[in-house]
1. Scan region 103-115 for residues that are over 24 Å from Leu154 (Cα atoms) and either surrounded by 18 or more Cβ atoms within 10 Å (Cβ to Cβ) or touching a residue at least 40 places away in the same chain (Cβ under 8 Å) (or both) and report the count.
2. Please go through region 171-188 and pick out each residue that is within 13 Å of the ligand (Cβ to nearest atom), closer than 25 Å to Pro105 by Cβ, touching a residue at least 24 places away in the same chain (Cβ under 8 Å) and not aromatic (Phe, Trp, Tyr).
3. Mind listing whichever residues of region 189-228 are more than 15 Å from the ligand (Cβ to nearest atom), closer than 25 Å to Ser148 by Cβ and surrounded by 21 or more Cβ atoms within 10 Å (Cβ to Cβ)?
4. Working carefully through the options Ser236, Ser267, find the one that is within 16 Å of the ligand (Cβ to nearest atom) and out of contact with any helix residue (DSSP H, G or I) (no Cβ under 6 Å at 6 or more places or on another chain).
5. Do we find a residue being in a strand (DSSP E or B), modelled with pLDDT of 95 or more and surrounded by fewer than 17 Cβ atoms within 10 Å (Cβ to Cβ) anywhere in region 116-139?
6. Of all the helices (runs of 4 or more DSSP H) wholly in region 174-290, which have at least 3 residues that are more than 18 Å from Lys88 (Cβ to Cβ) and among the aromatic types (Phe, Trp, Tyr)?
Amino acid sequence: MSRNTFTRSPRMPGFQPKGENEGDGRQGHFVSCTIIKTGKARLKCAAMNTVADSSAAALRAFRRRLIGAATAPYRSAGHFAWHFARGKLGRDPVFFSLLARGEFPPTVRMTDLGCGQCLLANLLTSAARLFEAGDWPASWPPPPRLESYRGIELMPRDVERARPALPPGAVVEQGDIRHVDFGPANVVVILDSLHYIDHAAQDAVLERARRTLAPDGVLVLRVGDAAAGWPFMLCSWVDHLVTWVRGHRLGQLHCRPAVAWQRKLESLDFRVHPQPMDAGTPFANTLLLARLGNDK
Ligand SMILES: C[S@@+](CC[C@H](N)C(=O)[O-])C[C@H]1O[C@@H](n2cnc3c(N)ncnc32)[C@H](O)[C@@H]1O
C-alpha cells in the first residue's frame, strides 16, 4: 500500500504534539521542552517546533479531508443536512477520538440508537476508503471495516436527511429505541440520546443492548454527567434549545451522574472505561466504553 507524505512524516523522538493521539484536534504543542539557555539549544528547539507544528498541521489537514469525504453524501440531502454534518463532525471530539484511539473492533456490525443523521456510517466508510488509499495518520490504528450499519431514529425529519446520504449496505429506520428490535450487532452506539427516555426505559434499553452484544461486543455510550454542576446545566439547556430549534418536542430530560451510569453498566457485566468527551466544548459529557468479553 502506498502512503502519502503525511503518514511517512518523521517524528522527533521524545516529543509529541499533545492531543494528537487523542484525535481531539487541539493545536499541537510540546508535552515537555528543554529550557533554552544557549543559542545552540534555541536552534534545536526551533527545529523541533517546526516538526511538531507541521505534524499537527498535517493532522488538521487530514481531518479536513476526512470530514469533507464523510459529509459529501449529505449534499444530496439538502443544505441543512450538509452544514449540520460538517459542524458536528468538525466540533464534536467524540468521532475522531473513537478512530484515533482504535476503540472499534476490526469488523463492525453497528446498531446506532438515536442515530440522528447517521454520521458514523459515513465517517467509518470514508475512513476505510482513505486508509485504503494510503491517506491515514501514522499514529492512528487502522480504521474498522463497516460490515453493516443500522440506525434507529425517532424523528422522521432526521431519517429523511439521513436516508439519501447513506453508504451502501447501511440502513436507517424510523422508530423508538424503546420498542424497535436492535438486530444483530457487535457495536451498539448511543450518543447523547438515552436521556430523552425515563430511567426504567433507559435500563431496559441497556439490558437489550447487552443481550444484543453478547458475548464480546462493545457499547459506546455518551452521556451528560449530572454531577458536573454548571457545565452540565449549560449542556442540558443547550440540548433543550437545539432539539426545540430542530422541531423536536422531546420533553423532560432524564439524566444521571456519570458514576451512576458506570455502575449500571457494570451491573450488566460490562467492563467500563469512562473518559471525558467534551474537549473544546463548555459541556460535561462522558464517554463510557463498555465491553463484554476479554478483548482490549
Ligand atoms: C442529540 S441527538 C444525537 C444524534 C446522534 N446520536 C449523533 O450523535 O449525531 C439525539 C437523538 O436521539 C433521538 N431520540 C430521542 N429519543 C429517541 C427514541 N426514543 N428513539 C429513537 N431516537 C430517539 C433524537 O431524535 C435525536 O436525533
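The values are calculated or read from the model by the stated rules, or taken from the named source; none is laboratory data. In this text the structure is predicted, and so the values were computed from the model without any measurement. Virtual Cβ from ideal backbone geometry, glycine too; neighbours counted across all protein chains shown.
1. 4
2. Val172, Ile177, Val180, Val188
3. Leu213, Gly217, Val218
4. Ser236
5. no
6. 230-245
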